[in-house]
Amino acid sequence: MNWDWSAVSDFMPDFWEGLLVTLQILVIGSLISFALGLVWALLMRVPTRWVTWPVGAVTEFVRNTRCWCSCSSSTTCCPSGA
């Protein structure tokens, strides 16, 4: 059986288009997460307790929540198996 290289050239335009979209999503997502993280960090530095308490509560809630979305079956993330 010989490899048919024409099959590769048929899907390469779609591959490059998909790679470009993936990189665009990566850059946009990184910029959004950086901006939101910066705002969140600045909110934690505000001297007013009515701002820092809710921000800190949400932060601690997220920190203490298992990541069910990305690794619900992983023993690394969920060592108790629950």
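Confirm whether PHE34 is of a type in the set (Phe, Trp, Tyr) and modelled with pLDDT of 95 or more.
For PHE34, the condition - of a type in the set (Phe, Trp, Tyr) and modelled with pLDDT of 95 or more - is met.
Being of a type in the set (S, T, N, Q) and within 16 Å of the chain's Cα centre (by Cα) is the filter here; which residues of the stretch 12-58 pass it?
Passing the criteria: THR22, GLN24, SER30, SER33.
The values are calculated or read from the model by the stated rules, or taken from the named source; none is laboratory data. This is a predicted model, so every value here is computed, not measured.
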